[in-house]
Amino acid sequence: MRILIVEDERPTAEDIQLLVREILGKEVTTIHIETTLDNALVYLKEKPIDVLLLDLNLNAKDGFQILKQFVSRSFYTIIISANINRAIEAFEYGVLDFIPKPYSTERLTEAFQRVKSTHAADGHAIKYLSVKTGYEIKVIPIEDIRYFKSANIYVELHLKDGRVVIYDKPIKQLETLLSSNYFRIHKSYIINAETIEKVQTHGGGQYSVVLKSGDILPVSREKINMLKDYLGR
């Protein structure tokens, strides 16, 4: 796991680094510290990471600038900050967890457990996705998306207005940001279970769902029983 710590107080950053090594052990591939916003932005442009540990107050500069510029990149962000009044805002834009200072080993451990979880914690699911189109970042409300379709290492967002937008994260990582009513019905599809009109059985082990939007999507044999249990059918 490749980790970047962005924290303007070097002793605090080194303490977090030590705790992360204790928590993850051999799972850590690299762990790097940046103490300024500008250096962190340069590092993120040049180096791939898996997890960002971010303080929001960086020598009077706003760490949210990193979220706004790199929110569509395929890494998890865990905020470690005393600015708890910005927690809701952070979660809405795809942050995996928000750890108030003073942090603890237990709280950091819980955050890294979420990296491996299948759904966002209750109340912490994203309400928006930010996608990069050219040099522009656009914010798309989750409620405007009919369904998600895997497209290799990216995800197609099929919108209610008929557009298809590419989201620059794999479907497995997207799953962890969505609330529990979102269901992966197939290796390539995630839907909001509340939008299902009906489940169809075609014989020969083939199934599909019809959404209220009229979309018909396949359901894998591995998922059909779990989906029916979820729907109470």
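List pairs: first residue in the range 212-233 and without any contact (Cβ under 8 Å) to a residue 40 or more places away in the chain and closer than 20 Å to residue 187 by Cβ, second residue part of a loop (DSSP other than H, G, I, E, B) and not polar (S, T, N, Q) anywhere in the structure, Cβ distance under 6 angstrom, at least six positions apart or on different chains.
Close Cβ pairs satisfying both conditions: 221/205.
Condition check ((1) touching a Leu at 6+ places or on another chain (Cβ under 8 Å); (2) in the same structural domain as residue 142 (by TED's automatic domain parsing); (3) surrounded by fewer than 16 Cβ atoms within 10 Å (Cβ to Cβ); (4) under 22 Å from residue 75 (Cα atoms)) across all residues:
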{"site": "155", "(1), (2), (3), (4)": "yes, yes, no, yes"}
{"site": "179", "(1), (2), (3), (4)": "no, yes, no, yes"}
{"site": "185", "(1), (2), (3), (4)": "yes, yes, no, no"}
{"site": "189", "(1), (2), (3), (4)": "yes, yes, no, yes"}
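Which condition does residue 81 not pass, out of (1) farther than 23 Å from residue 168 by Cα; (2) modelled with pLDDT of 95 or more, if it passes all the others?
Exception for residue 81: condition (2).
Give the residue that is surrounded by the most Cβ atoms within 10 Å (Cβ to Cβ), with candidates limited to residues of the range 15-31 that are in contact with a strand residue (DSSP E or B) (Cβ under 8 Å, 6 or more places away or on another chain) and within 19 Å of residue 56 (Cβ to Cβ).
Per the criteria, the residue is 20.
Among 84, 80, which is the only one that is more than 28 Å from residue 166 (Cβ to Cβ), among the β-branched types (Val, Ile, Thr) and crowded, with 22+ Cβ neighbours inside 10 Å?
Every option except 80 fails the conditions.
The values are calculated or read from the model by the stated rules, or taken from the named source; none is laboratory data. Here the structure is a predicted model, which means the values were calculated and not measured. Glycine also receives a Cβ, built like all others from the backbone with ideal geometry; neighbour counts cover every protein chain displayed.
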